[in-house]
Amino acid sequence: MTTRDFEPVGRGGPFRPLSSTAVWRLASFVLVFGAWEFAGRVPISPAFPTFGATMAALFQMTLDGSMGRAYLSTLQPLLIGLLISGVFGILAGVAMGLSRLFEFFVAPVFIVLQAAPVAALIPLITFIYGIGLTAKVIAVCILAAPVIVLNSYKAVRNASPSLIEMCRAFQGSRVQVIAKIILPDASPLIFAGLRLGIAAGFIGVVLAELLITPTGIGDLITYHRSVADYAEMYAAIFSIVAFAAITVSSLQKLETMVFRPEKKEG
Amino acid sequence: MSISGATDPVETATKPDGIVQARGISKTYDGGIQALEGIDLGFPKGELTTLLGPSGCGKTTLLKIIAGLLEPSAGTIIVNGRAVTGPGPERAFVFQDFALMPWASVLRNVAFGLELRGMSRHERHAIARSYIAKVGLAGFEERYPHELSGGMRQRVGLARALAVDAEVLLMDEPFSAVDEQTRRKFQEDLLHLIQSENKTFIFVTHSIEEAVYVSDQVVLLTPRPGAVSRVIRTGLDHGGSPEELRRNKRYLDMVEEIWQMLREYLV
Ligand SMILES: Nc1ncnc2c1ncn2[C@@H]1O[C@H](COP(=O)(O)OP(=O)(O)OP(=O)(O)O)[C@@H](O)[C@H]1O
Ligand SMILES: [Mg+2]
């Protein structure tokens, strides 16, 4: 047999100028920030600062340490909550995907949670758990866990039947089928769930900081609004949005690197 | 109807020393669709047997039952004198849809059967490399399935089945996803392989020409529920040149004869 007539699908050539996606991304940033600057200069509202003023405030707040302190206190419930939701969420989702019994008992809880307007539950959390760290961690979990659980569950349930059959045909044990086929096959969807969960966790922690007790970023937003320092308020909002976006997209890179080597190039 | 497992009435139609034997295999799926009824067959060692029949007659079902992936509703499969209860090391499957792991390189895919057996990385990779070369994919070890053409993927599936060194290879329409030229090349390669590997092949196809071209024995199945309609021994010399074989009068007659038989079912 020969395969001379087949050429593998090409990889990038020796020259890699800025890829076209990077150019488009840059262009869209320029467009959005430009529009922001323009709207701030009109101004569309006295409470709407320009992009430049916001960046200056961001710089100032970073220098004087108030941004750093805020993040230190916001990240604490966020990280704890995400860690709990990530570990237990994936475990619960995978278990639901593998066992009908587990699915029957656990799935409805998360389906309801995902549909519920969770902000409405936050006063209830305060009522039970007070206004401390626990309440904030729970707020993060309530927002982050359902999407993590449900994605993991669907990912496992939809793992390729043909690959599972292949593994069985080569005498793979149940454990091998799960470890070598189901989990790798499900990992892109599980990670998509994790990314959505982290995004939801950011919402949860900011909501908690705005609704329970003002601390961290929530405190910066509330405080600067109350004294009409709108540039500072927007700087706080901008920083948390950017922080969330960067976290989520680095996770995507990490995922491709670790789990799906075939998607690394191109 | 019932065919007792103790005596094998149809066994006489094929060699009694079949390495794989189907005894009274019936299969009714949940939901009541009966796919197979009373299949009695022997698959002689070292030969290629083709299952041929109209679409939906239960060829895949029979192959999966032989593989131990599906349980028959009645009857038993005997391999090397022992009843099949599940997949075993003496049987390997080549899947119609390739069933390659997209996240694994060609090398890992081909070595996968050995990986599942717990063979060391070094050892299994050495074996996998030799079979990758054998199916003509040398140099593609580190590629991923999406970088390969359909024909190349099928070769990976074939190499994976060969690598576990099973005595019986079960192939479900392995060439249906490739174009006609590639298909012809594959058929010729397959004949070489049969000659060099001394394995038993059970092969499902839709193509009468392909069936006669590659087989020692062709099993015709009736429409659903599939039952054995006829077992034909081709008696062709597969060792000669492909051109000779394709022009052989016996080959052409047999293709015509089988076509006439299958035609009855198409009305
Ligand atoms: N999992 C299943 N559940 C219920 N019915 C099934 C299942 N798999 C197959 N069948 C039915 O059993 C019959 C035989 O199916 P099978 O796939 O074995 O046919 P086949 O001969 O391989 O067909 P083809 O030539 O089209 O591949 C078909 O009528 C099909 O609808
Ligand atoms: Mg089929």
Check whether at least one residue in segment A:190-199 is out of contact with any strand residue (DSSP E or B) (no Cβ under 6 Å at 6 or more places or on another chain), among the β-branched types (Val, Ile, Thr) and within 14 Å of chain B (Cβ to nearest Cβ), and report yes or no.
yes
Within segment B:207-218, residues being out of contact with any helix residue (DSSP H, G or I) (no Cβ under 9 Å at 6 or more places or on another chain) and within 16 Å of ligand 2 (Cβ to nearest atom) number 0
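Residues that are within 16 Å of ligand 1 (Cβ to nearest atom) and out of contact with any Gly (no Cβ under 9 Å at 6 or more places or on another chain): list the helices (runs of 4 or more DSSP H) wholly contained in segment B:46-146 that include at least 1 such residues.
Numbers: elements: B:59-67, B:106-116, B:121-134.
Because the criterion is at least 1 residues that are within 16 Å of ligand 1 (Cβ to nearest atom) and out of contact with any Gly (no Cβ under 9 Å at 6 or more places or on another chain), the helices (runs of 4 or more DSSP H) in segment B:46-146 that meet it are B:59-67.
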For segment B:158-172, which residues satisfy the criterion of being surrounded by fewer than 22 Cβ atoms within 10 Å (Cβ to Cβ) and within 16 Å of ligand 2 (Cβ to nearest atom)?
B:172
Which of the residues that make up segment B:199-255 are within 28 Å of residue B:163 (Cα to Cα) and in a helix (DSSP H, G or I)?
B:210, B:211, B:212, B:213, B:214, B:242
Return the total of residues in segment B:232-259 being surrounded by 16 or more Cβ atoms within 10 Å (Cβ to Cβ) and closer than 19 Å to residue B:54 by Cβ.
4
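Given the structure, is residue B:139 out of contact with any Phe, Trp or Tyr (no Cβ under 9 Å at 6 or more places or on another chain), within 12 Å of another protein chain (Cβ to nearest Cβ) and over 22 Å from residue B:45 (Cα atoms)? Before the answer, list the steps.
Numbers: out of contact with any Phe, Trp or Tyr (no Cβ under 9 Å at 6 or more places or on another chain): yes; within 12 Å of another protein chain (Cβ to nearest Cβ): yes; over 22 Å from residue B:45 (Cα atoms): yes.
For residue B:139, the condition - out of contact with any Phe, Trp or Tyr (no Cβ under 9 Å at 6 or more places or on another chain), within 12 Å of another protein chain (Cβ to nearest Cβ) and over 22 Å from residue B:45 (Cα atoms) - is met.
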In segment A:139-165, which residues are in a helix (DSSP H, G or I), at the interface with chain B (Cβ under 10 Å from one of its Cβ atoms) and touching a residue at least 12 places away in the same chain (Cβ under 8 Å)?
A:163, A:164
Could you check residue B:199 against (1) of a type in the set (Lys, Arg); (2) modelled with pLDDT of 85 or more; (3) within 16 Å of ligand 1 (Cβ to nearest atom) and say which number it fails?
(3)
Can you run down the residue pairs with Cβ atoms below 7 Å, 6 or more apart or on separate chains, where the first is in segment A:59-83 and assigned to a helix (DSSP H, G or I) and the partner is surrounded by 15 or more Cβ atoms within 10 Å (Cβ to Cβ) and among the charged types (D, E, K, R)?
A:61/A:232; A:70/A:219; A:74/A:209; A:77/A:136
Taking segment B:72-90 and keeping only residues that are facing another protein chain (nearest Cβ under 8 Å) and touching a residue at least 40 places away in the same chain (Cβ under 8 Å), one is left with B:89
Residue ID - surrounded by the fewest Cβ atoms within 10 Å (Cβ to Cβ), chosen from residues in segment A:166-181 that are of a type outside the set (Val, Ile, Thr) and part of a helix (DSSP H, G or I):
A:174
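Can you tell me how many residues in segment A:28-58 are assigned to a helix (DSSP H, G or I), touching a residue at least 60 places away in the same chain (Cβ under 8 Å) and of a type in the set (A, V, I, L, M)? Talk me through it step by step, then tell me what you get.
To start, the set of residues in segment A:28-58 that are assigned to a helix (DSSP H, G or I) comprises A:28-41, A:51-58.
Then drop every residue that is not touching a residue at least 60 places away in the same chain (Cβ under 8 Å), which leaves A:53-58.
Subset that is of a type in the set (A, V, I, L, M): A:53, A:55-58.
So the count comes out to 5.
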Looking at (1) closer than 22 Å to residue B:213 by Cα; (2) crowded, with 24+ Cβ neighbours inside 10 Å; (3) more than 10 Å from chain A (Cβ to nearest Cβ), which one does residue B:93 not meet, given that it meets all the others?
(3)
Given (1) over 23 Å from residue A:159 (Cβ atoms); (2) within 12 Å of chain A (Cβ to nearest Cβ), identify the lone condition not met by residue B:125.
(2)
Restricted to segment B:173-203 and to residues being within 16 Å of ligand 2 (Cβ to nearest atom) and either basic (Lys, Arg) or surrounded by fewer than 22 Cβ atoms within 10 Å (Cβ to Cβ) (or both), the residue farthest from the chain's Cα centre (by Cα) is B:177
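Return the total of residues in segment B:3-48 being crowded, with 17+ Cβ neighbours inside 10 Å, modelled with pLDDT of 50 or more and not acidic (Asp, Glu).
We begin by selecting, within segment B:3-48, every residue crowded, with 17+ Cβ neighbours inside 10 Å; these are B:3, B:8, B:10, B:13-14, B:18-27, B:35-44, B:47-48.
From what is left, the residues that are modelled with pLDDT of 50 or more are B:18-27, B:35-44, B:47-48.
Those left that are additionally not acidic (Asp, Glu): B:18-27, B:35-36, B:38-39, B:41-44, B:48.
Selection size over segment B:3-48: 19.
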So, in segment A:170-184, exactly how many residues are within 25 Å of the chain's Cα centre (by Cα) and within 8 Å of another protein chain (Cβ to nearest Cβ)?
1
Where the second residue is surrounded by fewer than 18 Cβ atoms within 10 Å (Cβ to Cβ) and of a type in the set (Gly, Ala, Ser) and the first is under 13 Å from residue B:179 (Cβ atoms) and lies in segment B:140-156, which pairs have Cβ atoms under 6 Å and are six or more apart or on separate chains?
B:150/B:177
Subset tally (residues that are more than 13 Å from ligand 2 (Cβ to nearest atom) and either within 16 Å of residue B:35 (Cα to Cα) or surrounded by 20 or more Cβ atoms within 10 Å (Cβ to Cβ) (or both)) for segment B:70-83:
8
Failed item in (1) in contact (Cβ under 8 Å) with a residue 24 or more places away in the chain; (2) facing chain A (nearest Cβ under 10 Å); (3) assigned to a loop (DSSP other than H, G, I, E, B), with residue B:161 passing the rest
(3)
Does residue B:134 satisfy being away from ligand 2 (no atom under 14 Å from the Cβ), surrounded by fewer than 19 Cβ atoms within 10 Å (Cβ to Cβ) and under 19 Å from residue B:170 (Cα atoms)?
no
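Scanning for something in a loop (DSSP other than H, G, I, E, B), more than 14 Å from chain A (Cβ to nearest Cβ) and out of contact with any helix residue (DSSP H, G or I) (no Cβ under 7 Å at 6 or more places or on another chain), does segment B:175-196 turn up at least one residue?
Pass one, segment B:175-196, residues in a loop (DSSP other than H, G, I, E, B): B:175-179.
Filter once more, keeping what is more than 14 Å from chain A (Cβ to nearest Cβ): B:176.
Among the residues that remain, those that are also out of contact with any helix residue (DSSP H, G or I) (no Cβ under 7 Å at 6 or more places or on another chain) are: B:176.
Checked against the condition, which is being in a loop (DSSP other than H, G, I, E, B), more than 14 Å from chain A (Cβ to nearest Cβ) and out of contact with any helix residue (DSSP H, G or I) (no Cβ under 7 Å at 6 or more places or on another chain), segment B:175-196 yields at least one hit.
The values are calculated or read from the model by the stated rules, or taken from the named source; none is laboratory data. In this text the structure is predicted, and so the values were computed from the model without any measurement. Neighbour counts are summed over all protein chains in view; Cβ atoms, including those assigned to glycine, are modelled from backbone coordinates with ideal geometry.
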